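J.: First, the structure itself, so that you have it in front of you.
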Amino acid sequence: MKKHNFSAGPSILPQEVLLKASHAVMDFNNEGLSLLEISHRSKAFVDVMENARALVLELLGLEGKGYKALFLQGGASTQFLMVAMNLLEKRAGYLNTGTWSKKAIKEAKMLDDIYEVASSESANFNYIPKGYDIPEDYDYFHCTSNNTIFGTQIKEFPNSPIPMVCDMSSDIFSRVLDFSKFDLIYAGAQKNMGPAGTTLVVIKEDILGKVSRKIPSIMDYKLHISNGSMYNTPPVFAVYTSMLTLEWIKSLGGIAAVEKLNEKKANVMYSEIDLNPLFKGFATKEDRSIMNATFTLENENLKETFETMLKEAGISGLNGHRSVGGYRASMYNALPIESVKTLVEVMSELESKA
Ligand SMILES: *Cc1c(COP(=O)(O)O)cnc(C)c1O
């Protein structure tokens with residue numbers, strides 16, 4: 001039986017995407033060869049790459065606006081360094097909202113000076129700082145749209161006077177934003193798009209070519225763009241599966257339609273967290289994420305009973321990250337609302353038992 005999958009990442013993918021992807025592993029396009037055993041330079045695969053790149057720009061509303069989409073390797077963690085390599089000349093401003101922001105800052109610091117425009121670290125990252133200033137003479141401003149571990153999410157982005165770079169690993173394609181406010185967006189595939197192994201990078205081309213350092217080939221966005229995201233062998237399975245997910249999003253009616261479903265799921269989840277006295281939400285209400293809901297059980301004595309009930313209900317992947325503790329319900333695009341309802345039923349059943 002398929003479990004209710006609340007895993008934070010790698011995470012749930014649409015059933016129809018998994019089905020099509022598994023077929024392609026055995027027989028791609030009914031051509032008698034596996035997707036995994038054909039040349040990445042074959043027309044069949046180049047079409048996949050081009051379709052995936054085009055779908056990204058279409059879904060984000062960035063077609064014809066000077067953006068390019070790339071599917072790279074090395075995870076979002078490689079982007080922490082690559083962003084700085086390509087954009088950092090003298091100084092950059094970073095918003096510190098959690099573990100992933102800190103890691104991005106650490107990598108950029110290897111190259112140059114970093115200024116933290118604001119941080120919520122002293123409150124264990126349970127909120128999103130607001131009302132900070134972004135210095136106009138810096139190279140870029142970096143933020144993390146959704147803090148996967150802490151369950152906070154930026155609801156309103158600043159009007160940045162300098163290029164805005166955003167790590168959207170855990171909420172890409174989950175809600176409508178004016179994506180043209182961003183000059184560079186990156187996201188590891190394994191949270192809301194596909195299997196681990198590829199990282200989406202969307203870049204406004206005109207921000208490139210402004211640093212004086214020499215950039216190693218594999219780290220150079222310009223080179224990846226001029227090679228159509230095929231500078232070296234791309235992770236074919238991860239790109240193909242991501243393409244299937246993008247097609248799935250389009251078939252549902254695009255990001256706006258998916259966002260409505262995500263809001264419904266988050267409402268069901270947070271209503272229970274707010275109303276059930278046994279549980280306590282971790283993140284500040286106004287900043288809480290529609291993707292990752294973090295909460296704790298007030299009475300530790302009920303832990304075993306609750307976890308047995310979760311197991312019996314077929315609920316998987318609910319353990320919180322060690323830096324927060326408790327539980328984390330990751331409600332990515334592909335998670336059906338029925339899974340959230342099942343979880344909420346278990347939570348209210350626990351209340352009636354206690
Ligand atoms: C998971 C995650 C990362 C790390 O991604 P990798 O692909 O494992 O390097 C970075 N940022 C955010 C916001 C994440 O959720």
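Every read-out reported here was derived from the displayed coordinates using simple, explicitly stated rules and does not represent laboratory data. All values reported here derive from a predicted model rather than from experimental measurement. Neighbour counts run over all protein chains shown; Cβ positions are idealised from the backbone, glycine included.
J.: With a ≥ b ≥ c the root eigenvalues of the C-alpha gyration tensor of the stretch 205-354, is it rounded (a/c under 1.5), prolate (a/b larger than b/c) or oblate? Display every interim value, and only then the final one.
T.: Working: a/c = 2.62, a/b = 2.17, b/c = 1.21.
The shape class here is prolate.
J.: To continue, here is another question. So what is the calculated 222 nm ellipticity per residue for the chain, using -39500 (n - 2.57) for each DSSP H run with n of 4 or more, over all residues, to the nearest 500 deg cm²/dmol? Display every interim value, and only then the final one.
T.: Values: 9 runs with 126 residues, N = 354.
Counting only the DSSP helices, I get -11500 deg cm²/dmol.
J.: Rounded, prolate or oblate: pick one for the stretch 83-196, where a ≥ b ≥ c are the square roots of the eigenvalues of its C-alpha gyration tensor, a/c under 1.5 means rounded, and failing that, prolate if a/b is larger than b/c, else oblate. Spell out each step's value before the answer.
T.: Numbers: a/c = 1.37, a/b = 1.25, b/c = 1.09.
Rounded, because the longest to shortest axis ratio a/c is under 1.5.
J.: Which ordering of Asp220, Asp137, Asp171, Asp274 is given by a fewest-first count of other beta-carbon atoms within 10 Å?
T.: Fewest-to-most ranking of Asp220, Asp137, Asp171, Asp274: Asp137, Asp274, Asp220, Asp171.
J.: Given axes a ≥ b ≥ c from the Cα gyration tensor, I'd like to know whether the stretch 14-65 is rounded (a/c under 1.5), prolate (a/b larger than b/c) or oblate. Present the calculation step by step, with values, prior to reporting the outcome.
T.: Details: a/c = 3.94, a/b = 1.60, b/c = 2.47.
Verdict is oblate for the stretch 14-65.
J.: A further question on this structure: Considering every pair of different Cα atoms, what Kirkwood radius, in Å, is found for the chain?
T.: 21.1
J.: For the stretch 15-252, give the share of DSSP beta bridges that are antiparallel, in percent and rounded to the nearest 5; count only bridges with both residues there.
T.: 45
J.: Hey, another quick one. Taking the alpha-carbon distance from Lys109 and a cut-off under 23 Å, which lysines remain once sequence neighbours fewer than 8 residues away in the same chain are dropped?
T.: Output for Lys109: Lys90, Lys210, Lys214, Lys222.
J.: Something else about it: Ranking request for peptides 57-65, 124-132, 330-338: highest mean number of other beta-carbon atoms within 10 Å first, then the rest in descending order. Can you show the working numbers first?
T.: Working: 57-65: 15.1, 124-132: 16.7, 330-338: 20.7.
With the highest mean Cβ count within 10 Å placed first, the list reads 330-338, 124-132, 57-65.
J.: Still on this structure: Full-extension gain between Glu89 and Arg322, please, as 0.36 nm times their residue separation minus the C-alpha to C-alpha distance. Walk me through the numbers on the way to the answer.
T.: Details: separation 233, 0.36 × 233 = 83.88 nm, distance 3.57 nm.
80.3 nm is the gain from fully extending Glu89 to Arg322.
J.: Can you list the DSSP H helices in the chain whose Cα atoms extend at least 20 Å along the helix axis and whose mean Kyte-Doolittle hydropathy is 0.0 or higher? Show your work: numbers first, answer last.
T.: On the way: long enough: 43-60 (26 Å, 0.86); 236-252 (24 Å, 1.07); 254-275 (32 Å, -0.13); 337-353 (24 Å, 0.10).
Membrane-span-like by this criterion, though nothing is claimed about a membrane: 43-60, 236-252, 337-353.
J.: Please give the contour-minus-distance gain from Ser39 to Ser180: 0.36 nm per residue of separation, less the Cα-Cα distance, rounded to one decimal in nm.
T.: Details: separation 141, 0.36 × 141 = 50.76 nm, distance 3.45 nm.
This chain segment gains 47.3 nm when fully extended.
J.: A further question on this structure: How big is the dipole moment of the chain about its Cα centre under a simple scheme where the beta carbon of each Lys and Arg is +1, that of each Asp and Glu is -1, and everything else is neutral? Debye, nearest 20, please.
T.: For this selection, approximately 380 debye.
J.: Can you give me the Cα centroid spacing of the stretch 8-29 and the stretch 209-280 in angstrom?
T.: Between the Cα centres of the stretch 8-29 and the stretch 209-280 lies a distance of 16 Å.
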